[in-house]
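Engineer: Here it is: the structure, laid out below.
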Amino acid sequence: MAENLRAAKPAKASKNAGVLVVGLGRFGSALASTLEALGQDVLAVEKSPQLIAQWAGRLPLVEADATNPEALEQLGARDFAVAVVGVGSYLEASVLITANLVDLGAPQIWAKAISAEHARILQRIGAHHVVLPESDAGTRVAHLVSGKMLDYIEVEDGFTIVKMRPPREMQGFTIGQTKVTERYGVTIIGVKSPGLDFVYAAPDTRISANDLIIVSGHAELLERFAARP
């Protein structure tokens, strides 16, 4: 039999539209608390008494060992729209929890991995989405510290969106005049001027030295563009 489940704070709403977050380490707790702040229905699962005490009263949570399939069955894990396995540091626990959710038929499973090998295992046993937060953060920061980029989001297959200061050659000209797409293969999709609202870019949008521009394109092309003086 699964150990008794102890609710530290009851869930707010029906689970069939909510998110089940397993593990309240740095990744899981940040995810769960952000979802809660955004008004999402969240239920966190944690077995550590210390973490339970830390988050009791702040998140809807249950004390349980999710490596035990009966515990997840009692929680109704399959009824949640999304289940997130935030346990990453303990490979065996991560794999067991993910496998339990797969066996229960959870409709969408996100799992944290700490290495490429760990990610492959999670994908092979049925996780729908695998994230490597430390690797992804390291890649993102590397792009930010290497040039003028102020933010960097890789969407998929090299397609990337960045926030940056405009190169000097663009300052004082409209986007149409700069011919940025023809010359550099990237697209300016928006401009934020100091004290003004964000605007979507148009050929007659003029770029000033103090503006922020949002640019999309392939990562390599964006790196070259951001390297312009």
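The values are calculated or read from the model by the stated rules, or taken from the named source; none is laboratory data. Predicted, not measured: the structure shown is a model, and the values here were computed from it. Note that each Cβ is placed from the backbone with ideal geometry, even for glycine, and that neighbours are counted across all protein chains shown. Note: accessible area is taken over every heavy atom of the protein model, side chains too, but ligands, DNA and RNA are not part of it. Shrake-Rupley method; radii C 1.70, N 1.55, O 1.52, S 1.80 Å.
Engineer: So what does log10 I(q)/I(0) come out to for segment 165-229 at q = 0.18, 0.29 Å⁻¹, using the Debye formula with one equal point on every Cα and no solvent?
Structural biologist: Log10 I(q)/I(0), no solvent term: -0.58, -1.50.
Engineer: Could you tell me which trypsin sites (Lys or Arg not before Pro) in segment 89-194 are loop residues by DSSP with no more than 16 other beta carbons within 10 angstrom of their beta carbon?
Structural biologist: Within segment 89-194, the qualifying trypsin sites (Lys or Arg not before Pro) (loop, at most 16 other Cβ atoms within 10 Å) are K148, K179.
Engineer: Report the relative contact order of segment 65-217, percent, no decimals, based on alpha-carbon pairs under 8 angstrom and at least 6 residues apart.
Structural biologist: Once normalised by length, the contact order is 16 percent.
Engineer: For V199 and A56, calculate 0.36 nm times their separation in residues minus their Cα-Cα distance, and state this gained length in nm to one decimal.
Structural biologist: Residue separation times 0.36 nm, minus the Cα-Cα distance, leaves 47.2 nm.
Engineer: Calculate how steeply helix 26-37 sits against the longest principal axis of the alpha-carbon atoms of the chain, using the helix alpha-carbon long axis, and give the answer as 0 to 90 degrees to the nearest 10.
Structural biologist: Long axis of 26-37 versus the principal axis of the chain: about 80 degrees.
Engineer: Then there is this: Excluding ligands, DNA and RNA, what is the solvent-accessible area per residue of the chain at a probe of 1.4 Å, expressed in Å²?
Structural biologist: 54
Engineer: On to the next question. Between helix 133-145 and the chain, what is the angle of the helix's C-alpha long axis to the longest principal axis, kept within 0 to 90° and rounded to the nearest 10?
Structural biologist: Here the helix axis deviates by roughly 20 degrees.
Engineer: Report, to the nearest whole %, how much of the accessible area of the chain belongs to carbon and sulfur atoms, 1.4 Å probe, protein only.
Structural biologist: On the chain, the fraction of accessible area on carbon and sulfur atoms equals 54 percent.
Engineer: Cut-off under 17 Å on the C-alpha distance; same-chain residues fewer than 8 positions from K47 excluded. Which aspartates and glutamates are left, in chain and number order?
Structural biologist: E3, E63, D65, E70, E73, E92
Engineer: Between R206 and D157, how high is the FRET efficiency from 1/(1 + (r/R0)^6) when r is the Cβ-Cβ distance and R₀ = 41 Å? Nearest 0.05.
Structural biologist: Taking R0 as 41 Å, the efficiency between R206 and D157 is 0.80.
Engineer: Treating the Cα atoms of segment 71-148 as identical point scatterers in vacuum, please give the log10 of the normalised Debye intensity I(q)/I(0) at q = 0.13, 0.17, 0.19, 0.25 Å⁻¹, two decimals.
Structural biologist: -0.42, -0.63, -0.74, -1.09
Engineer: To continue, here is another question. Over segment 94-223, one equal point on each Cα, no solvent: what is log10 I(q)/I(0) by the Debye formula at q = 0.14 Å⁻¹?
Structural biologist: Computed log10 I(q)/I(0) values: -0.71.
Engineer: Using a Cα-Cα cut-off of under 18 Å, which aspartates and glutamates could be cross-linked to K148, ignoring same-chain neighbours fewer than 8 residues away?
Structural biologist: By straight Cα distance, K148 reaches E169, D211, E220, E223.
Engineer: Related question: With a cut-off of 8 Å between alpha carbons and a minimum separation of six or more residues, what is the relative contact order of segment 59-126 in percent?
Structural biologist: Contact order relative to length: 33 percent.
Engineer: Non-local amide H neighbours of V87 (under 5 Å, H modeled in plane, Pro and chain starts lacking H): which ones?
Structural biologist: Close amide H contacts, sequence-distant or interchain: K112.
Engineer: Quick one: check the C-alpha center-to-center distance for segment 168-210 versus segment 21-80, whole angstrom.
Structural biologist: If you average the Cα positions of each part, the centres end up 45 Å apart.
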